[in-house]
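What follows is a set of notes on a single structure, which appears directly below.
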Amino acid sequence: MQVRVLFFGMLKDVVGRVEEEARMGEGADLAAVFAAYAARYPALAALRGRIAMARNQEFAEPSTRLEEGDEVAFLPPVSGGSGEGGVESGEIREEGVYCAIVRHAIDVKRLADSLLNGGEGAVVTFEGTVRNHTQGRSTRCLDYEGYPALALKTMAAIGRELAARHAIGRVAMVHRLGRILIGETSVAVIVTAPHRKPAFEAALEGIDRLKKRVPIWKKEHFADGEVWVEGEWDGDVPVVE
C-alpha cells in the first residue's frame, strides 16, 4: 500500500524533505507510519507525545487505518501562527462565518465592513501583529506556513462553535502565510454582536483556540539566526503517544 506523507514546520528540517511516497503493509495505521519514521529519525521519536497526525486533511487518532493513496500529515505543535496572491486554498463562507488563508496583507477594515448588517451594537477586532523582539533578541521578520485545507476546516469549526456558544452575529477569521514584516498583521479575528460582552468573549476565545488547533507554524528570523517557534496542541487534538 502506498501513501503520500507530508511534513510541516520543524519536522521538515528533521526529515530533510517536505513530502514523499511511502509503502506500508496492508492494514497499517497512522501509528505504524509514525513508528517507521521514528526508527529512521531519532529526533522525530523524541517528539512523541507532541506530534499530531492527519489522514486526508482531517485530524485522526493514531489507530486510524490507512487505505491505498491516502494523504498522511505529520503536524508539530502549532505556533501560528513562503509571494503575492489571493486566497491560498480557497475560503469558507457559511451563514455567519467567514474563514480564509491568504498570502497578502489582511485588510481588516474591509473585512469588518463586510460583516456588518445593521443589527450589531458591537464590533470587536483582534489583530495579531509581528513585534520587533522576542526575549531580548531582535526580530527581523516571521515566516508562516500552514496546512491550508485542514487549517480552513478547523477555523470554520471554531467559528461555528463560537456562534453556538455566544450571542454573536457574525465571525471572521483570516490568517496570512508567507513572510511577514515587523508591524504587519498575521492573523485577524473579527466578531459582531448586538452587545459588547459576548463580542469580546467570542473574539478572545476565537484567537486562543486558533493558536492551539489550527495547523499553522512560524519561523522567527533574528539578527543572529532563526528558529521554528514551538507551541502546543489543544488538549483534544489526538497526538502520537
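The values are calculated or read from the model by the stated rules, or taken from the named source; none is laboratory data. These numbers were taken from a predicted model, which means no experiment stands behind them. FYI the Cβ positions are ideal-geometry reconstructions off the backbone, even for glycines, and counts take in every protein chain you see.
Check Gly178, Gly146, Gly183 and return the single one that is buried (at least 22 other Cβ atoms within 10 Å of the Cβ), in contact with a strand residue (DSSP E or B) (Cβ under 8 Å, 6 or more places away or on another chain), assigned by TED's automatic domain parsing to the domain that holds Glu127 and not basic (Lys, Arg).
Values: Gly178 fails: buried (at least 22 other Cβ atoms within 10 Å of the Cβ); Gly183 fails: buried (at least 22 other Cβ atoms within 10 Å of the Cβ).
Exactly one residue qualifies, and that residue is Gly146.
Can you tell me which residues in the range 189-210 are part of a strand (DSSP E or B) and in contact with a Phe, Trp or Tyr (Cβ under 7 Å, 6 or more places away or on another chain)?
Restricting attention to the range 189-210, the residues satisfying the condition of being part of a strand (DSSP E or B) are 189-193.
Of everything in the range 189-210, just one residue is part of a strand (DSSP E or B) and in contact with a Phe, Trp or Tyr (Cβ under 7 Å, 6 or more places away or on another chain), namely Val189.
Evaluate the range 19-40: report whether one residue or more is in contact with a His (Cβ under 6 Å, 6 or more places away or on another chain) and buried (at least 16 other Cβ atoms within 10 Å of the Cβ). Steps first, please.
The initial filter retains those residues of the range 19-40 that are in contact with a His (Cβ under 6 Å, 6 or more places away or on another chain), namely none.
Among the residues of the range 19-40, not one is in contact with a His (Cβ under 6 Å, 6 or more places away or on another chain) and buried (at least 16 other Cβ atoms within 10 Å of the Cβ), which makes the answer no.
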